[in-house]
Amino acid sequence: NYPTQVLVKSAKMVPVVIGGLLLYRKTYPWYDYVSVFTITASLIAFNLAKMKSKAEATQTMLGVALCFGSLFCDGLTGPRQDKINKKFSVTSLEHMMNTNLFAVIPSGIAMLIVEGSSPFDYCARYPEVIRHVLLFCVFNTCGQVFIFNALTHFGALYLALITTTRKFFTVVASVLYFGHKLNTVQTISVCAIFCALIMQVVYSTRDKSKKKHKDEDGGHRH
């Protein structure tokens, strides 16, 4: 149902933090934990406040299992990507190429098992769809360039932050452009998210500056 979807879509940063802590003993600065909690809670509140109807889709155990299976995979993938980037110093394009290269194998096998020749038959029947598929591939590739650049330079947690809040910023832009009104809960949620993001930027910049000065002082002593 809708609340479960909101919970899953808004909580993508949480499994990255938990997975990093449990699997690789990775810890984050205190402001990252505060930001993750604030943004996740605010996104859930913001999206639930949009509900106009009490009618909900039927919630099945399979649907819930798939949703939380997705979060579990996020918790395994993000920290592992951080470890690979740190250990092997791969570039964003190398990471992107290898990820997609190895994804082709299980995806291709799954497609043949589930769909068989149906996708090829469809393209043969409607050849004009091939142009749309190619355009989709081009734009998807461009999007992945930005995604893997963010992953390489900022890490899995900040990538999850970007991908989680992007729809929120789209909604806010729509509100400003079309003049829609926000209710009290949504207004508070927007303020909380912006405050959390500003806090994260300020303290992370301060920490980087301190580390840079510390490294420079250590270099001068040597």
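Can you find a residue that is closer than 15 Å to A156 by Cα and assigned to a helix (DSSP H, G or I) anywhere in the stretch 99-116?
Within the stretch 99-116, one or more residues are closer than 15 Å to A156 by Cα and assigned to a helix (DSSP H, G or I).
Kindly indicate whether A192 is under 30 Å from S204 (Cβ atoms) and small (G, A, S).
So A192 passes the test.
On the basis of being free of Cβ contacts under 8 Å to residues at least 24 places away in the same chain, touching a helix residue (DSSP H, G or I) at 6+ places or on another chain (Cβ under 6 Å) and assigned to a helix (DSSP H, G or I), does C67 make the cut?
no
Taking T164, is it open to solvent by less than 60 Å² (accessible area, probe 1.4 Å), among the polar types (S, T, N, Q) and at pLDDT 85 or above? Working first, answer last.
Working: open to solvent by less than 60 Å² (accessible area, probe 1.4 Å): yes; among the polar types (S, T, N, Q): yes; at pLDDT 85 or above: no.
Criteria not met by T164.
Are there any pairs, at least 6 apart or on different chains, whose C-beta atoms fall under 6 Å, with the first in the stretch 84-97 and in contact (Cβ under 8 Å) with a residue 40 or more places away in the chain and the second surrounded by 13 or more Cβ atoms within 10 Å (Cβ to Cβ) and among the aromatic types (F, W, Y), and if so, which?
S92/F148; H95/F148; M96/F148
In the stretch 86-102, what residues are out of contact with any helix residue (DSSP H, G or I) (no Cβ under 6 Å at 6 or more places or on another chain) and closer than 19 Å to V145 by Cβ?
Result: S89, V90, T91, L93, E94, M97, N98, T99, N100, L101, F102.
The values are calculated or read from the model by the stated rules, or taken from the named source; none is laboratory data. This structure is a prediction, so every number in the text was calculated from the model and none was measured. FYI the Cβ positions are ideal-geometry reconstructions off the backbone, even for glycines, and counts take in every protein chain you see. Side chains included, ligands, DNA and RNA excluded: accessible areas come from the protein's heavy atoms. Shrake-Rupley method; radii C 1.70, N 1.55, O 1.52, S 1.80 Å.
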